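Input: a single structure, listed below in structure tokens.
The values are calculated or read from the model by the stated rules, or taken from the named source; none is laboratory data. Please read these numbers as outputs of a predicted model, since none were measured by experiment. Note that we place each Cβ from the backbone using ideal geometry, even for glycine, and neighbour counts take in every protein chain shown. SASA here: full protein model, heavy atoms, side chains in, ligands and nucleic acids out. Shrake-Rupley method; radii C 1.70, N 1.55, O 1.52, S 1.80 Å.
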Amino acid sequence: DLQIISTDENQVFVAVQEWYQTDTYNLYQSDPQGVYYSILLENVRSTKQPEENVLIDILEVRGVKGVFLANQKIDGKVTTLITYNKGRDWDFLTPPDIDMNGKPTNCKPPDCYLHLHLRWADNPYVSGTVHTKDTAPGLIMGAGNLGSQLVEYKEEMYITSDCGKTWRQVFEEEHHILYLDHGGVIVAIKDTSIPLKILKFSIDEGQTWSTHNFTSTSVFVDGLLSEPGDETLVMTVFGHISYRSDWELVKVDFRPSFPRECTDDDYESWELTNLQGDHCIMGQQRSFRKRKISSWCIKGRSFTSALTSKVCECVNSDFLCDYGFERSAPLKSESSKCFADFWFNPEAPPEDCVLGQAYTSSSGYRKVVSNVCEGGVDLQQNLAQHMCPLIAPKGLQISIREESLAVKPGEDITFIVRQEQGDILNTKYQVDLGDGFKAIYVNLTMTGEPIRHHYEHPGIYRVSVKAENVAGHDEAVVFIQVNSPLQALNLEVVPVVGRNQEVNLTAIIMPKNPNLTVFYWWIGNNLQPLLTLESFLLTKFAETGDVRVTVQASCGSSMLQDSKVVHVFDHFHVLPLKFTKHLDMYNPDIPEWREDIGRVVTRLLAKETNIPEETLTTVVKPGLPTTADLHVLLPANQPKRKRSVTSDKRIAAIKQALNAHNISFFLRGGYWVLVTLADSGSDSQRIGGGSGYWAIVVLFVICLVAVGAFILYKFKRKMPGRNVYAQMHNEKEQEMTSPVNHSEDTQNIIQG
């Protein structure tokens, strides 16, 4: 994860959570261009808020540029650090010697420091746990504790008026803070869930505090607001008397408490120093002015806090480690050298190095951004100059502007070629789009010119780009799928199968896209699908009953689904059927036609033999000649001891009807189709198992032998028994209805 911390003064601070971190981030600082980042502080604590918001424990102190506070978490311990030079050096906060009651704190470094909570307030109308302001430089007030680490439930209030060098305790509990009149008046109201009517204020930077009853009736405080302008002395407390009441707004005006406006004699100066006492910070000595403690006056609108600044000579602390370098002791401010990281080669040319130009290798140091020091030490001097060599291309990439690697035939596709490293002016790019188009480009990655193309035919195309110069070469490859959207999907499966008998599930798609379609199979209530690249799946059903089989076909951006119910039985009979040859002439070999013919035969047999139609199922097989299997199911409501006898009677009745040529139906063209047994001399086949039964396993696999492409066949669902089909293409319709040479026409239809 990456969180933006600051973008001030031509520099970016980012917090990056790396692969090994869970509740901490590393703080990085950019160069003036915002391109290269160097690490400043590791393991800064983070807190995850509702709605996946992340809070990083780092705070930029307002009023003094370059000062930050951060909470670092190492081995479960959280400690507060401060920097005065934009993260170049970090130090612990110096604890006060005495508490708010004047008693010794007994907090001595290095075992004890001051630690602050750096949380933002959920309520926008109250201050966070640390409060600073641009017009009150050096004034910081925050909640925390003394000790070896930060304690969550301890929220004592501490204040500093010299930008963190010295601290004083002012309250034992957390308070909401508001600065008035450029920090000349500090208002504090206790952060509590009980109603209040007292606020505290200080006019001497927290040295002493006075109380004020801002209302006669206690209220639950919801927030503090000041009137516009940093010089204002008017504030508003708003809250509610009870949870059912409206807001109460109380105006508090401190102006009558001050008899006059301040003059120059009412101010004194203070100089900014760090914890080591250095006066030169960020390359300059800065002094500010503040009101004397003894003066009781208003700073007013014309007050400015900055007094003087003086540029300093550069010293080592004005430089930090350059990109690719790290310090051996990044926390303390003692002088430590910068060393190249194991992954960085300081002598390597930059990525944008052009043959014939010169580049400067880094010394490992660069001046802190916004540091204004002049002269003195220059850690960036004596830099070595090198001539840019011819660099082999590296990091070659091909991307698709449309972001999809699957397109339709004829659809425009735009290729973008990028190169991360290496020479581009003296490099040739050989492009092969996989369909016969080949070209050689120069300056392809520099101009950013895209390559536009379209593929006419479905298939998988290997697109490659090879970048090559005298120093070496690199290659990038991408595979493009060109396929037509799926128009139809039909799941073919035998509706009646035996338990533990192998069955073939076949998905028929139109148009057929070989090697480009993925099939997802769901068996029963199983949520985990089986995936195949083939359009069929062999499976078994271990339990009897009705099992729903669902298949999804995914090709490019299109996806279709079909579902069928398979009836699984222990016992049933199968009778092979055949038809007169006239039926082959009008067999389009599509699933819908086969289903209709099966329903017709089942209904005729049930009517002729008085056998319940729900116990008969006719399955017409794919291909020619047209054949079918009649499944005779055993009645579920009859006792087991009578099932075989009953079945034998039904089989005999069916055979008698078929052998007597009583099962026939009328076909368009003036033909009658006769249904008979495929082998009149053979017995029926019995599928099943268990005591008292013999089993002959006869399974047929639904195979669609495609001599050519499928007939594009659009249809509407029909009521059972109606032999009305939607029109095919005119040419195919003429072939089917022509009375001349039917056998030749039929062959044309099948191969069409």
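Per residue, the convex hull spanned by the Cα atoms of the range 394-482 measures out at 78 cubic angstrom.
Think of a 1.4 Å ball rolled over the protein heavy atoms: the chain then has 52 Å² of accessible area per residue. Computed over the alpha-carbon atoms, the range 488-569 gives an Rg to Rh ratio of 0.97, Rh here being the Kirkwood radius from the mean inverse distance. Taken along its principal axes, the alpha carbon cloud of the range 253-353 reaches lengths of 68, 31, 27 Å, longest axis first. Estimated from the Cβ-Cβ distance and a Förster radius of 45 angstrom, the FRET efficiency linking HIS212 and ASP378 is about 0.20.
The mean of 1/r over all pairs of different alpha-carbon atoms in the range 1-150, once inverted, gives a Kirkwood hydrodynamic radius of 16.4 Å. Taking every Cα-Cα distance in the range 159-260 and sorting them into 10 Å bins from zero, the calculated P(r) comes out as 14, 46, 31, 8, 1 percent. Under 13 Å from a label point set 7 Å out along the Cα-to-Cβ vector of ASP265, the amide N atoms of the range 277-311 belong to 295-296. The Cα center of the range 447-474 and the Cα center of the range 510-589 differ in position by 40 Å. Helical content alone sets the calculated 222 nm signal of the chain at -2500 deg cm²/dmol, taking -39,500 (n - 2.57) per DSSP H segment of four or more residues and averaging over every residue. If you roll a 1.4 angstrom probe over the protein chains with everything in place, what fraction of the accessible area of the chain belongs to carbon and sulfur, to the nearest %? That share works out to 50 percent. Computed on the Cα atoms alone, the convex hull of the range 264-311 gives a volume of 90 cubic angstrom per residue. Taking Cα centre as origin and charging only the Cβ of basic (Lys, Arg, +1) and acidic (Asp, Glu, -1) residues, the dipole magnitude of the chain rounds to 3500 debye. Relative protection proxy for 117-129, 302-314, from highest mean packing down: 117-129, 302-314 (other beta-carbon atoms within 10 angstrom). Here the calculated FRET efficiency for THR539 and SER148, from their Cβ-Cβ distance with R0 = 56 Å, stands at 0.30, rounded to the nearest 0.05.
On average over all directions, what projected area in square nanometres does the chain have, based on the convex hull of its Cα atoms? One quarter of the hull surface, i.e. the mean projection, equals 54.1 nm².
For the range 345-445, applying the loop criterion from DSSP together with a ceiling of 16 other beta carbons within 10 Å to the GluC sites (Glu not before Pro) yields GLU347, GLU351, GLU402, GLU403, GLU411. Counting every pair of alpha carbons in the range 319-389, the share spaced more than 20 Å apart comes to 39 percent.
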